[in-house]
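All remarks here apply to the structure that follows.
The values are calculated or read from the model by the stated rules, or taken from the named source; none is laboratory data. Note that the coordinates shown come from a computational prediction; the quantities given were computed from them, not determined experimentally. Here the Cβ is made from the backbone with ideal geometry for all residues, glycine too, and neighbour counts use every protein chain on show. Areas reflect the complete protein model, heavy atoms only, side chains present, ligands, DNA and RNA absent. Shrake-Rupley method; radii C 1.70, N 1.55, O 1.52, S 1.80 Å.
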Amino acid sequence: MGGFTSHMEQALDAARAAGTRGEVPVGAVLTDAGGAVVAVAGNRTRELNDPTAHAEMLAIRAACAALGSERLPGHSLYVTLEPCAMCAAAIGFARIARLYYAAGDPKSGGVAHGARVFAHPQAHHAPEVYDGINEAEASELLRAFFADRRG
């Protein structure tokens, strides 16, 4: 890929920070076409009392606000968990070029599991999708978080 840099470590840092705040530990990083980080976010659904405040949604909102545009062509999104159907739809609406995610989500995923948003003819845009990046680390972070909650 020549010069490709994964920003998954930074997404994992955002996920760890979310877990520390009592949120489900999911983190996201959005980069522009040149690979510069435009936005970093972790889940904040509890903190903001907002069921849509997933890491991906917050990163997309921040990047769009910074650019003054509802579209992010050429951008890449790194997220520690397979996006749900809501986030996958937002990724399509934002015209994000590439999606990299760590752990698959058989229960709530919307890309490879469940709704498979990008596979539908109604999908206006489907990014290139790369999965399994830092999967073990992301999966362990989630497993430990939920194990602590069940205590």
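If R0 is taken as 30 Å, the Cβ-Cβ distance between ALA136 and GLU47 corresponds to a FRET efficiency of 0.60.
Relative contact order of the stretch 63-121, taken over Cα pairs closer than 8 Å and 6 or more residues apart, is 35 percent.
Antiparallel DSSP bridges in the chain: what percent, to the nearest 5? Each step should come with its number before you reach the end.
On the way: 9 of 18 bridges.
Bridges in the chain that DSSP calls antiparallel: roughly 50 percent.
Let's see if you can work this out: charge +1 on each Lys and Arg Cβ, -1 on each Asp and Glu Cβ, no other charges. What is the dipole magnitude of the chain about its Cα centre, in debye to the nearest 20?
Values: 13 positive and 16 negative charges, 67 e Å.
Here the chain has a charge dipole of around 320 debye.
Considering only ILE91, ASN134, MET8, the residue lying farthest towards the positive end of the dipole of the chain is ILE91, judged by Cα position with unit charges set on Cβ.
Using the 1.4 Å probe convention, the accessible area of the stretch 1-119 works out to 42 Å² per residue with neighbouring protein chains retained.
Among PRO127, PRO83, PRO106, the residue with the largest mean-square fluctuation in a Gaussian network model of the chain, with springs joining Cα atoms closer than 10 Å, is PRO106. A Gaussian network model of the chain, with springs between Cα atoms under 10 Å, assigns the largest mean-square fluctuation among HIS54, HIS120, HIS75 to HIS120. Approximating the spin labels as points 7 Å out from Cα along Cα→Cβ, the VAL129-to-ALA36 distance works out to 3.1 nm. Computed packing ranks the peptides 16-22, 84-90, 63-69 as 84-90, 16-22, 63-69, most packed first, by mean other Cβ atoms within 10 Å. Taking a spot 7 Å from the Cα of THR20 along the direction of its beta carbon, which residues of the stretch 43-61 have an amide N less than 18 Å from it? Inside the label zone: 43-48, 55. What 222 nm value per residue comes from the helices of the chain, counting each DSSP H run with n ≥ 4 as -39,500 (n - 2.57) and dividing by all residues, nearest 500 deg cm²/dmol? Roughly -10500 deg cm²/dmol at 222 nm, from the helical runs in the chain.
For the chain, the longest principal axis of the Cα atoms and the long axis of helix 135-150 meet at an angle of about 40 degrees.
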